[in-house]
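**Student:** Sharing a structure here in structure tokens format.
Just so you know, all these numbers are worked out from the coordinates, no wet-lab data involved. Note that the structure is a prediction, hence the values are computed from the model and not measured. Please note: Cβ atoms are built from the backbone with ideal geometry, for glycine as well, and neighbour counts cover all protein chains shown.
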Amino acid sequence: MTGESIRISSLNYNSTSGIATITTSNRHGLKVDSKIKLTGANESIYNGDFVVVENLGLNSFSVRIGVGTTAPVATGTHSIS
């Protein structure tokens, strides 16, 4: 990351596995084990510091949010910094 925020176009969280798949509006440039900070979500579960666990493509990757009992729909203006 260059210190510039990357806009998230979608965030899909699986509460059983604890993994969130994130799609970005542009190329993210992240690698596995990169530490990122997610901000701007209306749901607190999606805001915070996370580590990239899988690079799925130029515009998508996965992070471990943690296992939960619910999977609220992600709303807000999400970004990565």
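**Student:** Quick check on the range 13-51: of everything there that is free of Cβ contacts under 8 Å to residues at least 12 places away in the same chain and loosely packed, with under 15 Cβ neighbours inside 10 Å, which residue is farthest from the chain's Cα centre (by Cα)?
**Tutor:** So, considering only residues that are free of Cβ contacts under 8 Å to residues at least 12 places away in the same chain and loosely packed, with under 15 Cβ neighbours inside 10 Å, the one farthest from the chain's Cα centre (by Cα) is SER44.
**Student:** All but one of (1) free of Cβ contacts under 8 Å to residues at least 24 places away in the same chain; (2) buried (at least 17 other Cβ atoms within 10 Å of the Cβ) hold for SER62; state the number of the condition that does not hold.
**Tutor:** (1)
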